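Some notes on the structure that comes next.
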Amino acid sequence: MRTQVLIVGAGPSGLLLGQLLSRAGVDNLILERQTGDYVLGRIRAGVLEQTTVDLLEHAGVGARMHAEGLVHHGFELTFDGQRHHIDLNRLTGGQSVMVYGQTEVTRDLMQARAASGAQTLYSASDVALFGFDGDQPGARCTVDGERLEIRCDYIAGCDGYHGVSRASVPPDAIRTHEKLYAFGWLGLLSDTPPVGPELIYGRHERGFTLCSMRSATRSRYYLQVPLTEQVGDWSDERFWDELRSRLDPAAAAALVTGPSLEKSIAPLRSFVAEPMRFGRLFLAGDAAHIVPPTGAKGLNLAASDVHYLSQALIEHYRERSEAGIEHYSARCLSRIWKAERFSWWFTGLMHQLPHEPEIDARLRRAELEYLVSSDAAMAAMAENYVGLPW
Ligand code: RFL
Ligand code: PHB
């Protein structure tokens, strides 16, 4: 088999890259380790920056997002029992974000791919990459018990943090930076109306909480929990009681509870791999970087990588220009490090940090008080939250 661009991974990065390439007439094939249903069953990100919304539109998958997504002009911060509104619209000169779940983005992209006739091989096991340091790259894998070999011009490693692409790079060619936090987020999805019209990020002595949503009738809540917690120890009732105890009185009174549709614990990590190109292999999305979810940058960073990579490859095939390919890694990393900084800062500001010296906790409270009293500080936060320009 042969294709121009072999994409490893059918998460949002791989599917969006495939869609942008297909629309530009660049032949591509996706290899995915899981089934399509498994990929759609993962509940992850929920907030899209305007640039991500624009890119999805450009990819021809904007219709349902615009019909069903919720435009949010602000969000709320709570601490010490008080709510503070961050008016994104006013602070950024009219910008906003779109609440539309990763599951829906993925579903829209899968449907567009099926309609375009581009090929995706699901349940592909033992994917092994070769030749990307030369000019004849490819991959071998097993699909339906058959061993396949696929040749290509380029490989896009869109296979997430645990994928094979980054692991295929010789250790002396790659540098990684990593910070694992001592806590995770326990998430719950339920068919209950959201507690308020905007997202609420809450700091509380029992731990951070986030009240998010997927629609007017579906809510997504998160609780900071120690990494040692097991999801099986959290009945729905225990989750709701804990959430209520961390909310401000008005939110606690407004909270509507119901059976969970999904519950899971995600560890929090900051991670960057440099560079993001190794000859004819590119890394994009979670394969190259992870942010803690505070601020919802993970999926949006994946989208900006894919924007740069699709441009670079399309330019290569249309104009025989290597400029985008040469600059891919540096362009991505410049934006990634800024989003890493923001996510790390917002995480530290809002979470209970184990064994934190008292003075650090007081300093963080002073920072929060300063933040909500200063338009300059709120504007800096808002500018990062809506997403830095490409
Ligand atoms: P994905 O979504 O991990 O997709 C990678 C795909 O590659 C496949 N794969 C392989 N395929 C073939 N061969 C192999 N050897 C393979 N190894 C892996 C996988 O099965 C998968 O389908 O990466 P991608 O596309 O870069 O997308 C990135 C986003 O998914 C990610 O940034 C966000 O979901 C991060 N994230 C969150 N971001 C937010 O902005 N807000 C959130 O609330 C949020 N919650 C989360 C998250 C990430 C999580 N992970 C990764 C543990 C919650 C979780 C649990
Ligand atoms: C979500 O809805 O899953 C979500 C929203 C905002 C975040 C993180 C996750 O910062």
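The values are calculated or read from the model by the stated rules, or taken from the named source; none is laboratory data. Everything numeric here is computed off the predicted structure, so don't read it as measured data. Cβ placement follows ideal geometry from the backbone for every residue including glycine, while neighbour counts extend to all protein chains displayed.
The set of residues in segment 46-71 being within 16 Å of ligand 1 (Cβ to nearest atom) and either surrounded by 21 or more Cβ atoms within 10 Å (Cβ to Cβ) or more than 24 Å from Tyr222 (Cβ to Cβ) (or both) consists of Gly46, Val47, Leu48, Glu49, Thr51, Thr52, Val53, Leu55, Leu56, Ala59, Val61, Gly69.
None of Ala377, Ala361 is aliphatic (A, V, I, L, M) and either within 16 Å of ligand 1 (Cβ to nearest atom) or more than 26 Å from His72 (Cβ to Cβ) (or both) except Ala361.
Tally time: how many residues in segment 232-256 are part of a helix (DSSP H, G or I) and within 24 Å of Phe79 (Cβ to Cβ)? Show your work before the answer.
Initial filter on segment 232-256 (part of a helix (DSSP H, G or I)): 232-233, 236-246, 249-254.
Right, trim to within 24 Å of Phe79 (Cβ to Cβ) and you get 238-246, 249-254.
Total meeting the criteria: 15.
The one condition from (1) in a loop (DSSP other than H, G, I, E, B); (2) within 15 Å of ligand 2 (Cβ to nearest atom) that Ser212 does not meet is (1). Against the definition (within 16 Å of ligand 2 (Cβ to nearest atom), among the hydrophobic types (A, V, I, L, M, F, W, C) and either touching a His at 6+ places or on another chain (Cβ under 9 Å) or modelled with pLDDT of 95 or more (or both)), how does Ile43 come out, yes or no? So Ile43 fails the test. Flag: Ile200 matches the condition of being within 20 Å of Met98 (Cα to Cα), among the β-branched types (Val, Ile, Thr) and within 16 Å of ligand 2 (Cβ to nearest atom). Put simply, of Met98, Met110 the only residue that is within 30 Å of Ile200 (Cβ to Cβ), within 16 Å of ligand 1 (Cβ to nearest atom), at pLDDT 95 or above and surrounded by 15 or more Cβ atoms within 10 Å (Cβ to Cβ) is Met98.
Consider segment 23-45 and keep the residues that are more than 7 Å from ligand 1 (Cβ to nearest atom) and surrounded by 19 or more Cβ atoms within 10 Å (Cβ to Cβ). The one that is farthest from Arg214 (Cα to Cα) is Val26. Of all residues in segment 272-295, those that are of a type in the set (Val, Ile, Thr) have Cβ atoms under 7 Å from Cβ atoms of residues that are buried (at least 24 other Cβ atoms within 10 Å of the Cβ), 6 or more apart or on another chain, in Val272/His289; Val291/Lys297; Val291/Leu301. For Glu315, which of the numbered conditions (1) in contact (Cβ under 8 Å) with a residue 12 or more places away in the chain; (2) crowded, with 16+ Cβ neighbours inside 10 Å fails to hold? Every listed condition holds for Glu315 apart from (1).
Residue-wise test of (1) surrounded by fewer than 23 Cβ atoms within 10 Å (Cβ to Cβ); (2) among the hydrophobic types (A, V, I, L, M, F, W, C).
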position: Ala156; (1), (2): no, yes
position: Ser168; (1), (2): yes, no
position: Arg218; (1), (2): yes, no
position: Gln224; (1), (2): no, no
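Yes/no per residue for (1) under 12 Å from Leu15 (Cα atoms); (2) within 16 Å of ligand 2 (Cβ to nearest atom); (3) in contact (Cβ under 8 Å) with a residue 24 or more places away in the chain:
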residue: Tyr100; (1), (2), (3): no, yes, yes
residue: Ala115; (1), (2), (3): no, no, no
residue: Gln119; (1), (2), (3): yes, no, yes
residue: Ala124; (1), (2), (3): no, no, yes
residue: Ala128; (1), (2), (3): no, no, yes
residue: Thr142; (1), (2), (3): no, no, no
residue: Cys158; (1), (2), (3): yes, no, yes
residue: His162; (1), (2), (3): no, no, no
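Going residue by residue through segment 274-282, is there one that turns out to be over 30 Å from Arg335 (Cα atoms) and under 23 Å from the mean Cα position of the chain (by Cα)? No: zero hits.
When Ser334, Ser321, Ser343, Ser329 are screened for being over 24 Å from Leu371 (Cα atoms) and either within 16 Å of ligand 2 (Cβ to nearest atom) or in contact with a Leu (Cβ under 9 Å, 6 or more places away or on another chain) (or both), only Ser329 passes. Determine, yes or no, whether Glu229 is away from ligand 2 (no atom under 12 Å from the Cβ), assigned to a loop (DSSP other than H, G, I, E, B) and charged (D, E, K, R). The answer is yes for Glu229.
Close contacts from segment 25-45, counting a first residue that is at negative phi and a second that is among the acidic types (Asp, Glu) and within 16 Å of ligand 2 (Cβ to nearest atom), with Cβ to Cβ under 9 Å and a gap of 6+ residues or different chains, come to Gly41/Glu262; Ile43/Glu262. Going through (1) within 30 Å of Trp345 (Cα to Cα); (2) touching a helix residue (DSSP H, G or I) at 6+ places or on another chain (Cβ under 9 Å); (3) charged (D, E, K, R) one by one, Glu178 falls short only on (2). Please determine, by comparing only the residues of segment 85-98 that are touching a strand residue (DSSP E or B) at 6+ places or on another chain (Cβ under 7 Å) and away from ligand 2 (no atom under 12 Å from the Cβ), which one is nearest to Asp54 (Cα to Cα). Only one residue fits best here, namely Ser96.
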